[in-house]
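Visitor: Just passing along the structure, written as structure tokens.
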Amino acid sequence: MRGLSSLGHPSEPPGEAKGSSLLNQSSWALLAEILMLVGMAASFIILPSQLTPAEYGIVGGIQGLVAPSMEIALLGAPALLIRRVSHGEPVKWAWMRLNTANFYGSIVITMLLIVTKPWLLGPAPLLPYVLLVLANGFLAVTGDQLSLLHTSLERMDRTALMRGLYTVPRLLALFGLLLIPDPSLMTWALLFTAANFAGFVATRWHARRDHGLSYRVGSPRSMMADSRQSYGFALTGMSDSVLSVSDRPILVNSGFDSAAGTYTLATRFVSLAMMPSIALVRAATSRLYAAGKEGVRSSGRVATALMGPTVAIGVVSALALWFGAPLINLIVDPSYADVVPTVRFLALIPLVKTAQYLAGNALDAALFQFWRFRLTLAAAVVNLGLNAVFIPKYSWKAAVASTVLAEILLTLSLWAAVFVLGRRQDDSSPPVVAS
């Protein structure tokens, strides 16, 4: 059985692991994204055709509730894992601390989402709601943890494997949906929960068999101790999720279930277009954190160096969304007629978001995560306020407009923070004296 050395020894600088060039890691990261792409593409074609727009809108609404909730549940532990392993902390110890946060946090958040369901997403049937909260929450996040561990060690080949262990069961669930006569929201909830449970079991088995990483959970006290270092990441992640997906539950609760389904489908295509840029950002995450040990000036330089390729890819993605949007009508049900204009209005998002992630990660890496949190929270509040005021009157059009505006404001403010804080570091650094 291979030990942890197969992952790369913690004492090795991340960039010195075998095959750790940025090009190689980006290629593996892109493969991981392609595996997700296969699952997403199948989901685009199959799920909307088997569910009504209202049912699909409820699926999107549940995801819009779970995503920010799980960020709080994990208390920033995933980002802390990447920082710790990148800085040389033993892998087994960092792994157990991540499991601890996920176990206790997920239990609390899942129970809260179930208890508050009548106020959060009243139109959703109870049992499918409970199953999809569990599947999108604890089961999905737990399975993604091993991918995060490999990312922190710059082993994107292993990340691709973990993506595959989750993608295959989900594909089987989608094809199973095709074989069931008259499927419903309940049918999908059962299949999706079973698929994520299978992915959870497969990734845990792999972690134990190949890397000796058992599923150990520490005490709640240790989780709270860690939260003092990581809750800034949690608040940032929660704010970012609110910014990205809070409009879906508002659409459902405003009586626009079908519009929520159309908007959810459109955002799926936008996420698809973002995959190449996100692959590059993920491949460089460990390097950003390593550079961050020297301050935001250093991590900012790494982020700036990556802006060229990410902007180029983002422009291509935006053009592909705009000109390729009419082709969506060939693969989706006619009841999603508004998906084409929605996708076109959101075409700038891949370019904006990838630039945003680079700047935000540069701040996180240099221990300025609270700057990122404050700026992200401000953008989330703007977006949430605009959605609450205008969605009841303008439906999905208000969701699109507020999302694009808030994302652009956040990206500009994050890069401004990187440059301002980097200049402060320059001003406060002692002069270098030539020897």
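Visitor: Go through the range 135-153 and give me each residue that's touching a Ser or Thr at 6+ places or on another chain (Cβ under 6 Å) and either modelled with pLDDT of 75 or more or on the phi > 0 side of the Ramachandran plot (or both).
Guide: Within the range 135-153, A135, G137, F138 qualify.
Visitor: Another question, if that's okay. Which residue pairs have Cβ atoms closer than 6 Å, lie 6 or more positions apart in sequence or on different chains, and pair a first residue in the range 267-290 that is under 23 Å from R301 (Cβ atoms) and touching a residue at least 40 places away in the same chain (Cβ under 8 Å) with a second residue that is in a helix (DSSP H, G or I) and among the acidic types (D, E)?
Guide: The qualifying pairs are A279/E33.
Visitor: If you go through the range 154-192 one residue at a time, how many are modelled with pLDDT under 90 and in contact with a Pro (Cβ under 7 Å, 6 or more places away or on another chain)?
Guide: Total meeting the criteria: 1.
Visitor: Just checking, how many residues over the range 320-337 are in a helix (DSSP H, G or I) and either surrounded by 13 or more Cβ atoms within 10 Å (Cβ to Cβ) or among the polar types (S, T, N, Q) (or both)?
Guide: Of the residues in the range 320-337, 9 are in a helix (DSSP H, G or I) and either surrounded by 13 or more Cβ atoms within 10 Å (Cβ to Cβ) or among the polar types (S, T, N, Q) (or both).
A quick yes/no check of all residues on (1) of a type outside the set (D, E, K, R); (2) modelled with pLDDT under 70; (3) part of a loop (DSSP other than H, G, I, E, B); (4) touching a strand residue (DSSP E or B) at 6+ places or on another chain (Cβ under 8 Å):
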position	(1), (2), (3), (4)
P10	yes, yes, yes, no
K18	no, yes, yes, no
W28	yes, yes, no, no
L31	yes, yes, no, no
L35	yes, yes, no, no
A41	yes, no, no, no
P48	yes, no, no, no
A101	yes, no, no, no
Y104	yes, no, no, no
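Visitor: Name every residue in the range 113-138 that is hydroxyl-bearing (S, T, Y) and surrounded by 14 or more Cβ atoms within 10 Å (Cβ to Cβ), in order of residue number.
Guide: Y129
Visitor: Tally up the residues in the range 362-396 that are modelled with pLDDT of 90 or more and in contact with a Phe, Trp or Tyr (Cβ under 8 Å, 6 or more places away or on another chain), please.
Guide: Count: 4.
Visitor: While we're on this one: For the structure I just gave you, tell me whether V315 is surrounded by fewer than 20 Cβ atoms within 10 Å (Cβ to Cβ), in contact with a Phe, Trp or Tyr (Cβ under 8 Å, 6 or more places away or on another chain) and either at pLDDT 95 or above or farther than 21 Å from R297 by Cα (or both).
Guide: no
Visitor: Is it the case that some residue within the range 194-202 is crowded, with 19+ Cβ neighbours inside 10 Å and closer than 20 Å to T100 by Cβ?
Guide: The answer is yes; a qualifying residue exists.
Visitor: If you go through the range 338-366, how many residues are in a loop (DSSP other than H, G, I, E, B) and under 16 Å from S286 (Cβ atoms)?
Guide: Residues meeting the conditions: 1.
The values are calculated or read from the model by the stated rules, or taken from the named source; none is laboratory data. From a predicted model like this one, the values you see are computed outputs, not experimental measurements. So basically every Cβ, Gly included, is an ideal-geometry build from the backbone, and we count neighbours across all protein chains shown.
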